[in-house]
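A.B. asks: To start, I am sharing the structure in question, which I have written as structure tokens.
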Amino acid sequence: MQNRLALAAALALLAAGSAHALNAAEYQAGLAPAASAAEPGFAGFSAQRGEAFYRSTHGGDWSCATCHTDSPTAGGSHAVTRKAIKPLAPAANPARFTDAAKIEKWFKRNCNDVLKRACTPREEGDFIAYLLSVK
Amino acid sequence: MKKTLILLALAATTPPAVAGKHAYGPFPATYVDECASCHVAYPPQLLTAPGWQQVMAQLDKHYGSDASLDPKRRTAIADFLQQSASNRDKHAPTEASARMTRSHWFVREHGPTPPAKIAFADCAACHTAAERGDYSENSIKLPAGWRRIKEK
């Protein structure tokens, strides 16, 4: 009984530290000021640019599509371990983009993997625009 | 206080593995969330503590990927791994990258080379119950014709 109380308390503490529930459009809107500041003449995010970004290997071995597949509404798998990955597109997987800490963690890791650098706010916004356009 | 609670929670949810049964886990939720999103939750008992230390010290260069973690989760997971690690030489890393799949024990069990188009990191390719932590012989399905090469 004591152990389960400790576990529940620990889990509650961890949960309290994470972001409030969110959605992709809201997260994307949060990126707009930084995107606009970095680029004079920024005219909004583009699903078309986002799609090109998603499919490009950016000079390396992997693209986003390598693990998340050509069709973001489909489930994907890790290129080496073949671990199943749930769909990226919010239309297929409503849990996506609902936790800011999780979004930032995966952008950090996967942009390093694919681009060898952080993604810019505009790139992230375009990427989300593409994912939102896929039904 | 929070760290102590997390540690207590992690300790409370890890029963000891039974030798010979090849069944591991269940593992703490934080370990599964962070360390089983790209691959199976590798049983901590199959690598030594120094091996896990090496892994956790290089998370941004994790076998070709960036697996970096926030400090709080990193510490909680590192502590769990240290507590659950093997203390047997056969599970010790044999090279700088500390791959579990290159310990003497692993190579003796599996040979040095995986079947074609399969990575040793993909346990579930043959260990069909690996997602449940079950590596028992009756759940193994080997690719047709593959024979592991026994180390001499």
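A.B. asks: With the condition kept exactly as written, say whether any residue in region A:49-62 is surrounded by 14 or more Cβ atoms within 10 Å (Cβ to Cβ) and either within 14 Å of chain B (Cβ to nearest Cβ) or at pLDDT below 95 (or both).
C.D. replies: Among the residues of region A:49-62, at least one is surrounded by 14 or more Cβ atoms within 10 Å (Cβ to Cβ) and either within 14 Å of chain B (Cβ to nearest Cβ) or at pLDDT below 95 (or both), which makes the answer yes.
A.B. asks: Follow-up question, since we're still on this one. Does at least one position in region B:142-152 carry a residue that is out of contact with any Gly (no Cβ under 7 Å at 6 or more places or on another chain) and in a helix (DSSP H, G or I)?
C.D. replies: Within region B:142-152, not a single residue is out of contact with any Gly (no Cβ under 7 Å at 6 or more places or on another chain) and in a helix (DSSP H, G or I).
A.B. asks: For region A:106-118, enumerate the residues that are part of a helix (DSSP H, G or I) and either more than 8 Å from every other protein chain (Cβ to nearest Cβ) or surrounded by fewer than 18 Cβ atoms within 10 Å (Cβ to Cβ) (or both).
C.D. replies: A:W106, A:F107, A:K108, A:N110, A:C111, A:V114, A:L115, listed by residue number.
A.B. asks: Can you name every residue in region B:37-84 that is within 14 Å of chain A (Cβ to nearest Cβ), under 27 Å from A:K116 (Cβ atoms) and small (G, A, S)?
C.D. replies: B:S37, B:G64, B:S65, B:A67, B:S68
Matching residues to (1) acidic (D, E); (2) in a helix (DSSP H, G or I); (3) out of contact with any Lys or Arg (no Cβ under 8 Å at 6 or more places or on another chain):
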site: A:Y27; (1), (2), (3): no, yes, yes
site: A:P33; (1), (2), (3): no, yes, yes
site: A:S36; (1), (2), (3): no, yes, yes
site: A:A89; (1), (2), (3): no, no, no
site: A:P94; (1), (2), (3): no, no, yes
site: A:T98; (1), (2), (3): no, no, yes
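A.B. asks: If I go through region A:14-41 residue by residue, how many of them are at pLDDT below 95, surrounded by fewer than 15 Cβ atoms within 10 Å (Cβ to Cβ) and either closer than 25 Å to B:D70 by Cα or within 14 Å of chain B (Cβ to nearest Cβ) (or both)?
C.D. replies: Within region A:14-41, residues that are at pLDDT below 95, surrounded by fewer than 15 Cβ atoms within 10 Å (Cβ to Cβ) and either closer than 25 Å to B:D70 by Cα or within 14 Å of chain B (Cβ to nearest Cβ) (or both) number 7.
A.B. asks: Right, here's the next one. Return the only residue of B:P114, B:P93 being part of a loop (DSSP other than H, G, I, E, B), surrounded by 16 or more Cβ atoms within 10 Å (Cβ to Cβ) and within 14 Å of chain A (Cβ to nearest Cβ).
C.D. replies: It is B:P114.
The values are calculated or read from the model by the stated rules, or taken from the named source; none is laboratory data. It should be emphasised that the depicted structure is a prediction, and the values quoted were computed from it without experimental measurement. FYI the Cβ positions are ideal-geometry reconstructions off the backbone, even for glycines, and counts take in every protein chain you see.
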